[in-house]
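The values are calculated or read from the model by the stated rules, or taken from the named source; none is laboratory data. No experiment lies behind these values; they were computed from the predicted model shown. Using ideal geometry, Cβ is built from the backbone for each residue, glycine included, and neighbour counts are taken over all protein chains shown.
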Amino acid sequence: MSVKVILGLQNGDEGKGRVVDDLCATTHNPIIVRFQGGANAGHTIYDENGNKSVVHLLPSGVLNPNAVNVITRATIVDPIQLVKEIKEFNVQPKTLLVSNYCPVVMSLHIEEDKLKYQHRLGTTAKGIGPALKDFIARDNFNLHTWIDKFYYLEEAKFLKDYVGDAEGFLRDMVSYGRNVILEGCQGYSLDVWGEEYPNVTSSCTTIGAVFYSTRLNHKQINEVIGIAKIYETKVGTGSFEELEPALSEKYREVGKEYGATTGRPRKIGWLDLDLLKEAIQVNGVDTLIITKTDIPPQIGTLRIKTQEDYWDIDTSWNDKDLSPLLKLLDRIKSYTGVNKIGYTFGENRGCIKI
Ligand code: IMP
Ligand code: MG
């Protein structure tokens, strides 16, 4: 049995969803847990026939018939959006349990986000900041209270069967030895407690969120898996060193770098290795997975940023000969001090190599 945490180490959009989806497909009866963020996330997943979907609130295991999905209490839940996704993916109550205690997003929060923060901070306008602001001020509802109060709404009645003691269930499952995958959202540089404040999301995006949301303790975590793209992207405001426009455009087109939630074009930059090293240390990452390694060879130019200089990378690898990539991964491993390193190449399932 194992309890694994998946965390984004950049600005979100590192490919966490596809890594979770992939791990889920090779894990015996997994329990997939969302513990943080809300409908601001957009995780791209594939079914066994390779059809692509995007989930915002639901855990990335919903297309796996053997997975049980759990949403724990620090996840910000928009009940209307949740019902929409449950219906879209035809998720049955026996495969999804949502915590009684999640803060809710209501329509006034979405309005406030649109009016005050969408333009100023480039938010996803899903109401996350305003909902959490009210929650911390104790002017919002936990999900179970919202259901009782608004029981005349079709959505409240519908959700009743899906909501309960998610953290108690998870604790029991861990003690029975079940395999658990905890799915992080956003990434290290978007942490509300991080140095990019106020150009951040409203929640904690580091390992700390796991504990207060799931009520598991640190001794119960067997592996922390950090995800980073081989280049960097960002949506929203804040400091970000962009590539020159023509090269950005190439990466955006080949890498399909448009927001999964908002459709916005993402800014493109080079991987910052010192920041990555910091994210690995802060989160106690055991295994680093570098995603989208199939993109640079299609473009021919790749650099990696370190404190002293830029590394110019030989991008001549392909699916038959990956040796230049493996050499690069070795270099990243020794620079960052991470224990294990792996990668994804291409989009099909089963392509994580460690
Ligand atoms: P909010 O989370 O909607 O309040 O947005 C705050 C900042 O976080 C903005 O810069 C968003 O673009 C960014 N953000 C939030 N969620 C994600 C995500 O899942 N991927 C990438 N960026 C995100
Ligand atoms: Mg995303």
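Here are a few things to note about the model shown:
- Any hit, the stretch 123-142, residues being closer than 30 Å to residue 277 by Cα, polar (S, T, N, Q) and in a helix (DSSP H, G or I): no
- Selection status of residue 269, within 25 Å of the chain's Cα centre (by Cα) and at pLDDT 95 or above: yes
- Of residues in the stretch 175-186 being crowded, with 20+ Cβ neighbours inside 10 Å and either more than 16 Å from ligand 1 (Cβ to nearest atom) or aliphatic (A, V, I, L, M) (or both), the one farthest from residue 134 (Cα to Cα): 179
Residue-by-condition table, conditions (1) of a type outside the set (Phe, Trp, Tyr); (2) touching a residue at least 40 places away in the same chain (Cβ under 8 Å); (3) surrounded by 20 or more Cβ atoms within 10 Å (Cβ to Cβ):
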residue: 152; (1), (2), (3): no, no, no
residue: 162; (1), (2), (3): no, yes, yes
residue: 173; (1), (2), (3): yes, yes, no
residue: 188; (1), (2), (3): no, yes, yes
residue: 202; (1), (2), (3): yes, yes, yes
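- Any chance residue 289 is touching a strand residue (DSSP E or B) at 6+ places or on another chain (Cβ under 8 Å) and either more than 17 Å from residue 345 (Cβ to Cβ) or of a type in the set (Ser, Thr, Tyr) (or both): no
- Screening residue 57 on (1) surrounded by 22 or more Cβ atoms within 10 Å (Cβ to Cβ); (2) modelled with pLDDT under 95 shows it passes everything except condition (2).
- Among the residues of the stretch 184-199, those identified as away from ligand 2 (no atom under 16 Å from the Cβ) and either of a type in the set (A, V, I, L, M, F, W, C) or at pLDDT below 95 (or both) are 192, 193.
- Positions within the stretch 257-309 being of a type in the set (Lys, Arg) and out of contact with any helix residue (DSSP H, G or I) (no Cβ under 9 Å at 6 or more places or on another chain), in sequence order: 264, 292, 303
- Close pairs (8 angstrom Cβ cut-off, 6 or more residues apart or separate chains): of a type in the set (D, E, K, R) in the stretch 254-266, within 10 Å of ligand 2 (Cβ to nearest atom) and not in a loop (DSSP other than H, G, I, E, B) anywhere: 257/233; 266/233
- Residue ranges of helices (runs of 4 or more DSSP H) in the stretch 15-122 with at least 3 members within 16 Å of ligand 2 (Cβ to nearest atom): 16-25
- Members of the stretch 26-72 that are more than 16 Å from ligand 1 (Cβ to nearest atom) and farther than 20 Å from residue 5 by Cβ: 46, 47, 48, 49, 50, 51, 52, 63, 65, 66
- In the set (1) modelled with pLDDT of 95 or more; (2) over 18 Å from residue 6 (Cβ atoms); (3) surrounded by fewer than 16 Cβ atoms within 10 Å (Cβ to Cβ), residue 284 fails one condition alone, (2).
Condition check ((1) at pLDDT 95 or above; (2) outside any loop (DSSP other than H, G, I, E, B); (3) of a type in the set (A, V, I, L, M); (4) out of contact with any His (no Cβ under 9 Å at 6 or more places or on another chain)) across all residues:
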position: 201; (1), (2), (3), (4): yes, no, no, yes
position: 209; (1), (2), (3), (4): yes, yes, yes, yes
position: 212; (1), (2), (3), (4): yes, yes, no, yes
position: 227; (1), (2), (3), (4): yes, yes, yes, yes
position: 236; (1), (2), (3), (4): no, no, no, yes
position: 243; (1), (2), (3), (4): yes, no, yes, yes
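- Boolean, residue 130 is in contact with a His (Cβ under 7 Å, 6 or more places away or on another chain) and over 29 Å from residue 25 (Cα atoms): yes
- Enumeration of residues in the stretch 114-127 that are surrounded by 19 or more Cβ atoms within 10 Å (Cβ to Cβ) and within 7 Å of ligand 1 (Cβ to nearest atom): 117, 123, 124, 125, 126
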